[in-house]
1. Of the listed values [x] 4, 21, 32, 29, 12, 2, 0; [y] 4, 17, 25, 26, 17, 7, 3, 0; [z] 4, 19, 25, 22, 16, 10, 3, 0, identify the label whose number matches P(r) over Cα pairs in 10 Å bins from 0, in percent calculated from this model.
2. Counting Lys and Arg as +1 and Asp and Glu as -1, each charge on the Cβ, what is the dipole of the chain about the Cα centre in debye, to the nearest 20?
3. So for region 105-353, what are the equivalent ellipsoid semi-axes in whole Å, largest first, each being the square root of 5 times an eigenvalue of the Cα gyration tensor?
4. Packing-wise, with mean Cβ within 10 Å as the measure, how do 106-117, 74-85 rank, highest first?
5. What size of dipole, in debye to the nearest 20, comes out for region 105-353 about its Cα centre when the only charges are +1 on Lys and Arg C-beta atoms and -1 on Asp and Glu C-beta atoms?
6. Distance check, please: which entries in K122/K262; K156/K177; K122/K216; K216/K274; K156/K216; K103/K262 exceed 31 angstrom between their Cα atoms?
7. When DSSP beta bridges are limited to those with both residues in region 105-353, what percentage is antiparallel, rounded to the nearest 5?
8. Give the whole-number value, in cubic angstrom per residue, of the convex hull volume spanned by the C-alpha atoms of region 258-333.
Amino acid sequence: MNVESAIKEQIERLIAEGRYLKVYRRCAPPLLLRHDGLVLQARDPVVEVLEHRDGTTAADRLRAVATRSQEAARLAAADLSALAAKGFFSLAPAYRPLARGIKRPVAGCVLMVAQACNLRCKYCYGGDGAYGAGQALQSWEVARAAVDQLIAGAEKQRDLHITFFGGEPLLNLALIKRVIAYCESLEPGSGKRFVYSITTNGTLLDEPTVDFLIQKGVRILLSFDGTHSIQDSHRPFASGSGSGNSVIAAMTLLRRRGIPIKARATVTDNMANKETLDQMEVESRQYGVESLALSPVDARIPLPPGMQVSQAAADALQALIEERLQSDVRALQTGCTSTSLIDACRAWLGRLVRGRSAGIRRCGACFGMSAVSADGAIFPCHRFVGMAEYQIGHVAEGGRSIDAIHRLLSSADRVLSDRCSGCIAATLCGGDCLYHLADGAGAFRAPDPHECARVLRSLDVVVQTLPALAELPGEVVGRFLAIRRAGASSSTQAPRSAVE
């Protein structure tokens, strides 16, 4: 039952204080979650050795197993050695600095084609779509420069993503059409392929516009708050009238064209309850919505009562989302294919189901999501537009400034490295959204402990659904999580991925 001293040292480092390895003993089979997102199933003796307990070492626990059963200790030692041989106990850096990816090729950009809007959403973080400036439309010169700089910075990256954003981007449809035509003209000589998406409030989606977007393969994300009444209340037109009828008409048009409707609902404090979420799901399904992403209000400006999400409401919302995930898995187990429209932690679950290290989840700010404002200023993402302290370049000055990006990300690293080092969820969570962490003065603050607690709780819920998914056919799991391939491991022998 010997376990080499080098392996013992690796094990002790990995399970120190439970930060790098978490054991889920109540799962059947028990699961091991490593800090980089790798999930393995294990036999009970291995779990007993690896489960952190104050005042004992892995070697102490292995001896305790041997006292009860030499055979169990032999199996545990063999499995631990096999895991070590596969590198399971080899630690990656506890925190991988954001600034380390500074030379990563650019993958895309967000064009703020319209810093103007025809709605007056009560919770808008962008100040009626103008982002702190006067309402403006992006010019052709700015957009063309942004595309040229995107190609120049992409290096060998073949697929380049352009997102049309606002305000309401369809207020500048003429520019969108011109940008797409320009990109199409560049594709043959550049070796690039452009992929387009648009986030729209839907009120300007008429038949010719929808047909154009379909023809050009533009993916559409619709801003819709789930029910007609909430839409009217929270997202009125500038005139004060409700926008519900217009958005529902747009969804009807998309459904007639056979376009999957993906929507995003902004959740306010007074919406974070089961009754409201249930009604949002019922109505959205009636309108043809196939997926509904929830985004809690997060604005830096004073909002009307009931808009900004409190800690209690955020906790309640997260609990409801977790309950939906568990309900969905139970439904799949009974053969039901109808699951929640609401994205119930599926992004995390999809990463873990792949049965390999999930890697670091970063949102792409400064890289894949750099946003070009109407006047040509460049920001880490669309949320930062108008915040001059976080500007990272300008199209008139050659595009993104590597020095500015390095300063910005180094500032974020200083706070994230302290909080995130050794956190079991760090590589799945990514350290929270940089916009959420921005202090407004060009620097960043540490993640909110309450948010960290919610992340850790959700991670537990997600991991504990894996054994149930492992019993389902791979194609069922694949459809549920919208991944290309998923299958279940039936092995209960040597530790291996719970779901491959």
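1. The calculated read-out lines up with [y].
2. 1160 debye
3. 31, 23, 18
4. Highest-to-lowest ranking by the protection proxy: 106-117, 74-85.
5. Numbers: 24 positive and 25 negative charges, 118 e Å.
In debye, rounded to 20, region 105-353 gives about 560.
6. In this structure, K122/K216; K216/K274; K103/K262 lie more than 31 Å apart at Cα.
7. Just about 10 percent of them are antiparallel.
8. Working: hull volume 8.2 nm³, N = 76.
Per residue, the Cα convex hull of region 258-333 comes to 108 Å³.
All of the numbers you see were taken from the coordinates with simple rules; none came from a lab. Predicted, not measured: the structure shown is a model, and the values here were computed from it. Neighbour counts are summed over all protein chains in view; Cβ atoms, including those assigned to glycine, are modelled from backbone coordinates with ideal geometry.
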